[in-house]
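Enquirer: The structure's right below; bear with me while I get my questions together.
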């Protein structure tokens, strides 16, 4: 966990006071909606179909149990008893009242939570690997660098009025769980030949109307220079990025239109002009941030405790363990993913009661720490293996032990037309129906790793372009239709999915997905060949043929 | 918010209402014939011509303190009742099409 200092606490509290005054002036009519809109967006407040939506920042997806309890309280006191964890590792409340928002913000501020820069044309929540700091083989904890970037970019005047929103993700593992290649800037922490810590810097990734995979702009930027290099990129973007057309305003368009080589030259020139600036991080500055992260006092524990050996006789426990428990860098410990994808449930939602219970379990089994993943699941990052059986029983009672992590029912979905004013079509009911179709866990296991991503519009909050199967809601003559893509992926081999054919109506989507999965099972050359690998080997044609032959 | 420019382009093809979100809590509201807002679609003022729609919208937009983002939405009149004219308006009027709480 990162402990905020006095400066952070003052900043957050001052922001609450400022927003309270802004809301008061809005409700009295002193501010018009046009004047107020940018102010509310800077505090994570959108206006959706039924109500205001309040997006709360969870920097790099790390939460304390105390913070989780406060989120539960906000859900219960100010909303309708639940919250929605997002692909940006944030949480959204869908039914909040503007008049009560300052009070909710004040209560969150007491535990170091805010909503700054969760919306608007500025630097959004810096995301990272939800297993940061505990994954085996990691170069180092990427959250240290996420925090340095968070501090530098929060309320930074030069980054507060960018041409468009700007997203950074950081990973420090070979396997990219942070989807860095679909971000405006992706940072891959690694060591150079001299053993120095630095970053491969990627730029220009993004989804939405015009999707691009990020390109490497510089293979190695020393850690001490990362702030200045990122700032150089942002300066070039701020200077040349388009402000006249919202659809062409993201940095991905600029990188595409200039070409990565020319863009890189511009950045290099800017960076050189900045010289050895105040942005160069000295060792003590990095260590100061590092020192504010606290790590558990791990015990020396056996690799295979007796409790785990005994529990292995229970097939239900074993199925969950194999699916939802991952290796930890410390012997005797595990990382446990809590599935927020129960059969028939809205993906990523958790009730206030569940949040409170998760906080209690985090205190009991995970040194009070919880993580949020961009896949809309949670994780307990420090669970002793001896505690796994007890934890599983508790999670099962709470509906949080569905053994479907990374399987066909672990669906990423945006709120869609049920909530969102931008959506063309519903996402959640499609996800719910698919989880019912594939509810049999043995079948899901037999299918293997398969990511379905659903977006209710082209803005792609459900990351449909990079789903192994992507589902995009569109509107045709007032009816909901869905385009299907296959073969996308968001990891270190990120690529966009390929459209298989004409959009299909709402009522046929689940049948089409079943057809695609059945085709895969018939086409894969061995059980270990993953869906995306079969698509890569054979292309989309066999799947297209299966789906459209009878339609 | 619908801009004045967009308002000039308004052409409706059937019965319509003006809807918005109430400023203090964001609730879905409909412009009434009494120059106020109601959360009940049944109390909405119905307009059937483009000129009337434009006038009702202008009235709604002018009440920036009461409601936000006013726009014209189609409705259907069935047996004396007012029904939302499309899925979006159905969801705004009746609520989400899923269970509110996670299963």
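Enquirer: Write down Rg/Rh for the range A:134-291, rounded to two decimals, with Rg from the C-alpha atoms and Rh from the Kirkwood relation over Cα pairs.
Expert: In the range A:134-291, Rg relative to Rh is 0.95.
Enquirer: At a threshold of 8 angstrom on Cα-Cα distance, excluding pairs fewer than six apart, so keeping six or more, what relative contact order does the range A:1-134 reach in percent?
Expert: 33 percent
Enquirer: With the contact rule set at Cα under 8 Å and sequence spacing of 6 or more, what percent relative contact order holds for the range A:457-507?
Expert: Value for the range A:457-507: 33 percent.
Enquirer: Using all alpha carbons of the range A:493-551, what is the percent of pairwise distances in each 10 Å bin, ordered from the shortest bin to the longest?
Expert: Each 10 Å bin holds this share of Cα pairs: 21, 54, 23, 2.
Enquirer: Mind grabbing the base-10 log of I(q)/I(0) for the range B:4-80 at q = 0.18, 0.19 Å⁻¹? Debye formula, identical points on the C-alpha positions, no solvent, two decimal places.
Expert: Log10 I(q)/I(0), no solvent term: -0.64, -0.71.
Enquirer: Between the range A:278-340 and the range A:202-221, how many Å separate their Cα centres?
Expert: Here the two parts' Cα centres lie 31 Å apart.
Enquirer: What is the range A:460-507 by shape, rounded, prolate or oblate, if you read a ≥ b ≥ c off the alpha carbon gyration tensor as root eigenvalues and call it rounded for a/c under 1.5, prolate for a/b larger than b/c, and oblate otherwise? Write down the numbers at each step before the final one.
Expert: Numbers: a/c = 3.45, a/b = 2.24, b/c = 1.54.
The shape class here is prolate.
Enquirer: While we're here: In percent, what relative contact order does chain A have, based on Cα pairs under 8 Å that are 6 or more apart in sequence?
Expert: Reported relative contact order: 13 percent.
Enquirer: Something else now. For the range A:124-191 and the range A:530-551, write down the distance between their C-alpha centroids in whole Å.
Expert: With the range A:124-191 and the range A:530-551 each reduced to a Cα centre, they are spaced 35 Å.
Enquirer: Shifting gears a bit: Taking the Cα atoms of the range A:412-548, report the difference between the largest and smallest coordinate on each principal axis, in whole Å and largest first.
Expert: 44, 29, 29
Enquirer: A follow-up question, please. Where a ≥ b ≥ c are the square roots of the eigenvalues of the C-alpha gyration tensor, would you call the range A:1-89 rounded, which needs a/c under 1.5, or, failing that, prolate if a/b is larger than b/c, or oblate?
Expert: Verdict is oblate for the range A:1-89.
Enquirer: Please work out the C-alpha center-to-center distance from the range A:446-490 to the range A:2-77 and express it in whole Å.
Expert: Result: 31 Å between the Cα centres.
Enquirer: Label chain A by shape, choosing from rounded, prolate and oblate, from the square roots a ≥ b ≥ c of the eigenvalues of the Cα gyration tensor; if a/c is under 1.5 it is rounded, and otherwise prolate applies when a/b is larger than b/c, oblate when it is not.
Expert: It is rounded, given that a/c, with a ≥ b ≥ c, falls under 1.5.
Enquirer: I've got another one for you. Can you put A:304, A:116, A:355 in order of Cβ neighbours within 10 angstrom, beginning with the fewest?
Expert: Ascending number of Cβ neighbours within 10 Å: A:304, A:116, A:355.
Laboratory data are not the source of any read-out in this text; all were calculated from the coordinates shown. Treat the numbers as computed from the prediction; the structure is a model and nothing was measured. So basically every Cβ, Gly included, is an ideal-geometry build from the backbone, and we count neighbours across all protein chains shown.
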